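Participant: The structure follows.
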Amino acid sequence: MGIFSRMFKMGQAEAHSALDKLEDPIKLTEQGIRDLKKDLDESLKALAEVKAMAIRARNEAENNKKKATDYEQKAMLILKKAQSGGIDAAEADRLAGEALVKKDECAQAAARSLDEQNRFENSVSQLDVNVKKIRSNISHYENELKTLKARVKVSSATQKLNKQLAQIDSTGTVSMLERMKEKVEQEEALAESYGDIANESRSLDEELDSAIGAGASELKASDDLAALKAKMGLGKSE
């Protein structure tokens, strides 16, 4: 059971560590920005493709309109030619009729192309809105990321400074100074104690010699004074 319990706790620790990494705001924001930029690239590609289809539909509509106009003009020219006797009337009617059929086909194709152009342009407008929104979100999140990184940097620096201050207190600097002061005072007291012991340890002979020495000097000075007076003739009668 002990082994399985330890393995389970290790698995929990790794899971919590992985969760912490996933929940890192900076990493999550950076990943979100990367995803948005990927979406932006895809939206821009789709926008370009739809714009191309809208342009193609517009060109096809214009070409079909031009063809319809050309067929109508050809039918008119044939009918005029038949009227002037340049072509058989029946043949002119047949050719003019076929030209008008082609005109109608081109007109219908132009109408279809115009409808497609309108649908594509509506899609372009919607895609353009999405692109602008994604760009705005990217700009917003990039600014948020800059602010977040700055806050993390300030927070980290503040935490480091506070930790250093806390470590200064925890190392007992004040307590260490108090111990040093106590040790100095102890050393001073010990020196004074040794001085007292040194004074107390003087022998009796040293005290006697010191006392005799002081008296002998005084007696010698008195004898010297008496001899000097005798030499000068200053006797007792004076």
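Participant: Can you list residue pairs whose Cβ atoms sit under 6 Å apart, with the first residue in the range 49-71 being within 9 Å of Gln117 (Cα to Cα) and the second being surrounded by fewer than 17 Cβ atoms within 10 Å (Cβ to Cβ) and of a type in the set (Val, Ile, Thr)? Count only pairs 6 or more apart in sequence or on different chains.
Facilitator: Listed by first residue and then by second, the contacts come to nothing, as the list is empty.
Participant: Right, next: Of all residues in the range 114-152, count the ones that are surrounded by 15 or more Cβ atoms within 10 Å (Cβ to Cβ) and more than 32 Å from the chain's Cα centre (by Cα).
Facilitator: 8
Readers should treat all values here as calculations from the given coordinates under stated rules, not as data from a laboratory. These figures come from a predicted structure and were not determined experimentally. Neighbour counts are summed over all protein chains in view; Cβ atoms, including those assigned to glycine, are modelled from backbone coordinates with ideal geometry.
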